[in-house]
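Colleague: Quick one: the structure is below, questions incoming.
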Amino acid sequence: MSLEHTSSFGLRAKAIATIGFLAVGLGLGACSAGSGGTSPEAGNASSAEAPKVAASKDAPKEAPQAPDAKEAATAEAKGAVVGKPFSANMRNGNTARITIVSAKRVASLDSAFSTPPKNGSYLVLDVLWETEAGSTSSNPLYFAAKDSNGRKGALNMFAEGQLAVGDVLPGDKSRGLIVFDITAGPVTISISDPLFKEAARIQIPG
């Protein structure tokens, strides 16, 4: 073998070795970058999420809605008692001032059309109706009664001296009876507005 051939073979061997070394080095660098490094995109995504978390924690809670005037009137009337007036919101700025002057039990009614009560006795309410604001109308059908078990009483429409149906102008008064055929014991009287939604209520002791 000639010297020239030997020299050429040695150069090719060195070149191959150098290329192999470079390939191994590049491969190790790629592995190192993939396992321990953090790409710019990952960093940006992490920083973008942070404000969202902070905003969620610091976001103000919604303030509870204040009760409307109708709910306030009903809540006020829940503490009403016999003999003292209470207010009933009758919609559109109209407010009635109602007083249950008295509440008593009777075994029969002074009426030609009266029949014996099916529940043992009648509950007779002496009602005074006034207009506190705007204009209101009294009506026995605005009144409903439930006993302590939630059973509705029957409104008697044939009682003498029943509360009249009609407008009650500011400064005027309407007074009359509301009669229910209902079992003995505590009774809840509710007063409805012209759309027959509860506007007020009062507890009648047993």
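Colleague: So is S137 more than 21 Å from S102 (Cβ to Cβ) and part of a strand (DSSP E or B) or not?
Modeller: yes
Colleague: To continue, here is another question. Restricting to the stretch 92-128, count the residues that are surrounded by fewer than 16 Cβ atoms within 10 Å (Cβ to Cβ), within 35 Å of the chain's Cα centre (by Cα) and among the small types (G, A, S).
Modeller: 2
Colleague: When G150 is evaluated against the numbered criteria (1) touching a helix residue (DSSP H, G or I) at 6+ places or on another chain (Cβ under 9 Å); (2) free of Cβ contacts under 8 Å to residues at least 12 places away in the same chain, which criterion, by number, is the only one it fails?
Modeller: (1) is the only condition that G150 fails.
Colleague: Also: Just a yes or no: is a residue in the stretch 179-188 over 15 Å from Y122 (Cα atoms) and either without any contact (Cβ under 8 Å) to a residue 40 or more places away in the chain or crowded, with 16+ Cβ neighbours inside 10 Å (or both)?
Modeller: no
Colleague: Anything in the stretch 103-129 that is closer than 12 Å to I178 by Cα and among the β-branched types (V, I, T)? List them, or say none.
Modeller: Across the stretch 103-129, the qualifying residues are V124, V127.
Colleague: Out of curiosity, is T131 surrounded by fewer than 14 Cβ atoms within 10 Å (Cβ to Cβ) and on the phi < 0 side of the Ramachandran plot?
Modeller: Considered against the rule, which asks whether it is surrounded by fewer than 14 Cβ atoms within 10 Å (Cβ to Cβ) and on the phi < 0 side of the Ramachandran plot, T131 comes out as no.
Colleague: Also: Would you call K104 among the basic types (K, R) and in a strand (DSSP E or B)?
Modeller: When the stated conditions are applied, K104 passes them.
Colleague: Considering only the stretch 167-205, state which residues are modelled with pLDDT of 95 or more and over 16 Å from A144 (Cα atoms).
Modeller: Passing the criteria: D167, V168, K173, S174, R175.
Colleague: Can you tell me which of T99, T74 is of a type in the set (S, T, Y) and at pLDDT below 95?
Modeller: T74
Colleague: Related question: Inside the stretch 87-107, can you point out the residues that are of a type in the set (A, V, I, L, M, F, W, C) and closer than 19 Å to V124 by Cβ?
Modeller: Those that are of a type in the set (A, V, I, L, M, F, W, C) and closer than 19 Å to V124 by Cβ: I98, I100, V101, A103, V106, A107.
Colleague: On to the next question. Within the stretch 142-170, can you find the residues that are within 25 Å of G79 (Cα to Cα) and loosely packed, with under 12 Cβ neighbours inside 10 Å?
Modeller: Once the filter is applied, which keeps residues that are within 25 Å of G79 (Cα to Cα) and loosely packed, with under 12 Cβ neighbours inside 10 Å, the stretch 142-170 yields N149, G150, R151, K152, P170.
The values are calculated or read from the model by the stated rules, or taken from the named source; none is laboratory data. Quantities reported herein were computed from a predicted structural model and do not represent experimental measurements. So basically every Cβ, Gly included, is an ideal-geometry build from the backbone, and we count neighbours across all protein chains shown.
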